[in-house]
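**Q** Got a structure for you, questions after.
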Amino acid sequence: MFSTLISVDDVLAHLHDPDWVVVDCRFSLQESSKGREEYLDGHIPGAFYAHQEEDLSGEIIPGKTGRHPLPPLERMVDLFSSWGIDEKVQVVVYDFKGGGMAVRLWWMLQWLGHEAVALMDGGWAHWDARRLPVSVEAPLRPPRTFNPRLQEGWIAEVGMVEQIRLDPAWRLVDSRAYERYLGREEPIDPVAGRIPGAVHHFFMDNVDENGFFKDPAILRSKFLDLTGDVEAGNTVFYCGSGVTSCHNVLAMRIAGLGMARIYPGSWSEWITDPKRPIAKDEI
């Protein structure tokens with residue numbers, strides 16, 4: 001069973017295995033149709049496509065939710081069943097390169113108790129560079145029954161974040177780029193800044209220039225410096241909308257430090273209430 005990362009070679013060896021499901025998660029926040037277009041131009045043979053907003057997110061309620069709220073449980077169960085995922089199936093997820101989009105699906109499946117799901121290290125860029133098999137055909141796979149086993153304590157809702165953000169027994173971590181954390185720029189959301197009390201670890205610092213995850217020992221050292229004696233279960237990651245924060249959760253798992261929590265609504269939900277405090281660094 002692969003439950004964190006998987007190599008391109010291991011995926012290649014199981015391309016025709018009926019108990020393996022591959023899902024292409026390429027997506028661009030700036031151009032929401034781009035990932036699907038790239039998938040239709042060519043993808044790993046047999047791979048399904050998961051659209052970050054249409055498949056992996058729920059309904060946005062203006063002034064209440066973040067940009068990518070989690071879908072209702074029933075929708076997730078129906079989707080995973082339609083892809084033919086049951087307890088016997090190894091799932092592989094990938095995006096273009098570093099895993100920043102595909103980690104959302106990795107986390108969702110883990111959260112619903114499906115441990116056999118792994119991110120393809122290096123992503124589509126590595127697969128394509130090696131000139132491995134490519135298909136433009138839609139997958140043909142019979143559905144199976146997905147049975148969820150919801151994992152308790154993996155989510156911190158906004159009320160909980162308000163309570164723990166300054167508590168030394170907890171660690172709240174902002175996963176966005178440093179300039180966004182500082183509040184000096186905000187290219188996506190209408191308000192710049194961070195949740196007061198949050199420390200910073202940009203999710204892209206988990207991978208090298210080629211999109212491969214760094215050595216577990218390096219990741220372990222970085223996260224221990226960040227969290228100190230705070231255990232994974234008391235570490236809460238957030239980002240802009242609850243997607244790339246999952247990247248840090250995966251990196252902590254790879255580092256052997258356990259399963260951290262995410263704040264699914266993240267910054268885009270936090271700022272829906274003007275009464276919630278915001279921190280910025282002066283320029």
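None of the figures in this text is laboratory data; all of them are computed from the coordinates on show. It should be emphasised that the depicted structure is a prediction, and the values quoted were computed from it without experimental measurement. Reconstructed Cβ throughout: ideal geometry from the backbone, glycine too, with neighbour counts over all protein chains shown.
**Q** Please state the Cα pair-distance histogram of segment 1-102 with 5 angstrom bins from zero: what percent is in each bin?
**A** With a bin width of 5 Å, the distribution comes to 2, 11, 21, 23, 21, 13, 6, 2, 1, 0.
**Q** Given a cut-off of under 8 Å on Cα pairs at least six residues apart, what relative contact order in percent is computed for the chain? Present the calculation step by step, with values, prior to reporting the outcome.
**A** Numbers: 575 pairs, mean separation 61.9, N = 283.
It comes to 22 percent, rounded to a whole number.
**Q** While we're on this one: With everything on Cα atoms, drop me the angle between helix 73-82 and the longest principal axis of the chain, reported from 0 to 90° to the nearest 10.
**A** 20
**Q** Treating only the Cβ atoms of Lys and Arg (+1) and Asp and Glu (-1) as charged, compute the dipole magnitude of the chain about its Cα centre; round to the nearest 20 debye.
**A** Numbers: 28 positive and 42 negative charges, 71 e Å.
That gives the chain a dipole magnitude of about 340 debye.
**Q** Please get the size of the charge dipole for segment 145-215, origin at its Cα centre, with Cβ charges of +1 on Lys and Arg and -1 on Asp and Glu, quoted in debye to the nearest 20.
**A** On the way: 8 positive and 13 negative charges, 32 e Å.
In debye, rounded to 20, segment 145-215 gives about 160.
**Q** Hull surface divided by four, with the convex hull built on the Cα atoms of segment 158-270: how many nm²?
**A** Working: hull surface 26.3 nm².
One quarter of the hull surface, i.e. the mean projection, equals 6.6 nm².
**Q** Can I ask one more? I'd like the FRET efficiency for L12 and R75, computed as 1/(1 + (r/R0)^6) with the beta carbon distance as r and R0 of 35 Å, rounded to 0.05.
**A** Values: r = 31 Å, r/R0 = 0.90.
Approximately 0.65, to the nearest 0.05.
**Q** Reachable aspartates and glutamates from K222, Cα under 12 Å, same-chain residues fewer than 8 places away excluded?
**A** Within the straight-line cut-off, K222 pairs with D205.
**Q** Which net charge results when you count Lys and Arg as +1 and Asp and Glu as -1 among the other residues whose beta-carbon is under 14 Å from that of G228? Intermediate values should be presented prior to the final figure.
**A** Values: positive: R171, R220, K222; negative: D167, D225, D229, E231.
Its environment carries a net charge of -1.
**Q** Give the distance, in whole Å, between the Cα centre of segment 143-166 and the Cα centre of segment 106-136.
**A** 23
**Q** Report, ordered by chain and residue number, the aspartates and glutamates lying within cross-link reach of K275, taken as a straight Cα distance under 12 Å and ignoring same-chain residues fewer than 8 apart.
**A** Within the straight-line cut-off, K275 pairs with E162.
**Q** How would Y238, Y263 line up from fewest to most surrounding beta-carbon atoms within 10 angstrom?
**A** Details: Y238 31, Y263 27.
Final ranking by Cβ density, sparse to dense: Y263, Y238.
**Q** State, in angstrom, two size descriptors of segment 100-197 derived from its alpha carbons: Rg to one decimal place and Dmax to the nearest whole number.
**A** Answer for segment 100-197, Rg first and Dmax second: 19.2, 52 Å.
**Q** Could you tell me the distance between the Cα centroids of segment 1-62 and segment 240-262, to the nearest Å?
**A** Between the Cα centre of segment 1-62 and that of segment 240-262, the gap is 19 Å.
**Q** With angles folded into 0 to 90 degrees, how steeply does helix 216-227 sit against the dominant principal axis of the chain? Use alpha carbons for both and round to 10.
**A** 30
**Q** How many Å³ per residue does the convex hull of the Cα positions in the chain occupy? Walk me through the numbers on the way to the answer.
**A** Numbers: hull volume 35.8 nm³, N = 283.
Spread over its residues, the Cα hull of the chain gives 127 Å³ apiece.
**Q** For K88, list the aspartates and glutamates whose Cα falls under 13 Å from its own Cα; do not include residues on the same chain fewer than 8 positions away.
**A** Answer for K88, where 13 Å is the Cα cut-off: D17, D19, E115, listed by chain and number.
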